[in-house]
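Every number in this text was worked out from the coordinates using simple rules, so none of it is lab data. Note that the structure is a prediction, hence the values are computed from the model and not measured. Here the Cβ positions follow ideal geometry from the backbone for every residue, glycine too, while neighbour counts run over all protein chains shown.
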Amino acid sequence: MTGPVICGVDFSEDSKRALRWADLMARRLSQPLIVVHAVEELLASAARMQYGEDAVETTLTPELNQFIARAIGDQAQPKIQFGVGEPAGIIRGTALSSDASLIVVGTQGLGQAGRLWFGSTTTRVLRETTKPVLAVPPLAAARSDADPRIDEIVVGTDFGGAASAAVATADELAQIFDVPVTALHAIPEVAAPARWGHIVAKTVEDALRDARAQMGTSIPAHWTSDVRTGSAATVLVEAAHGKDALIVVGLVGAHSGHKPGTTAYRVLLDSDAPVLAVPDR
């Protein structure tokens, strides 16, 4: 993973914690960190009328520097970039223009009821991204008051193209952080009348056997792997629960104009670990 790490911030506590994760990733990847803040068009216009054409940069730079210092310390000197317009577009444009390796965002912020940030900015970033997105959910943010760390990587696979990209990214990060990886595949539970119990049992048994065989040929041999029954999101969330873990998932449908698959969203909503969503290469 080469290229700057981009972190979108909105001065919220959630984005402060996301910034800590962005700083960690930038340091471990040996890449520069770019902190991006988007200003609404109307607010920017009013500030320019009041304070001049450079009002956005001159008035917000000191405040943003203080915000960064509180989050990651005075020694950190990331590049600061302001944009005027919709936050997701500013973040995505910065990532494309800088050929970023990673985008980092919180999933809550200063929006209504704390959900607007996830509902608009993070959702749009996930939908349109061509870059991996590290999203820090509320529960992960609550656990990351101390310096963030990764002791384990949990990666989900359904053996598709996006899952292959997720596996490759998990392998790269495991080497960088020198941590073990657990690869998981989920077999959905089947609802059926009781009289069909033997059919359901046979179907699940066959699916488990086939999936375990496919796991053996699609993931590195030194990883821990398992095939479990249940929803993919639940399996991943439970595997990382309470740990200093990073969940890696494939992002189906990203950058195609279609809504990405539901697994990544469900994991983001329920997880107490940060989630790295990787688009199909």
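Brief remarks on what is shown
- Taking the fewest neighbouring Cβ atoms within 10 Å as the starting point, the ordered list for SER271, SER225, SER231 is SER231, SER225, SER271.
- Put simply, the amide H of SER225, placed in the peptide plane, has neighbours under 5 Å in ALA183, leaving out anything fewer than 5 places away on its chain.
- Residues LYS131, LYS202 arranged by fewest to most Cβ contacts within 10 Å: LYS202, LYS131
- Look at VAL237, VAL179 and count the other Cβ atoms within 10 Å of each Cβ; fewest to most, that gives VAL179, VAL237.
- Label separation (GLN66 vs SER97): 2.7 nm, computed from points 7 Å beyond Cα along the C-beta direction.
- Within the shell defined by Cβ-Cβ distances under 15 Å, the residues around ALA233 carry a net charge of -3, with Lys and Arg each +1 and Asp and Glu each -1.
- Cut-off under 5 Å, modelled amide H: who pairs with LEU102 long-range: ILE6
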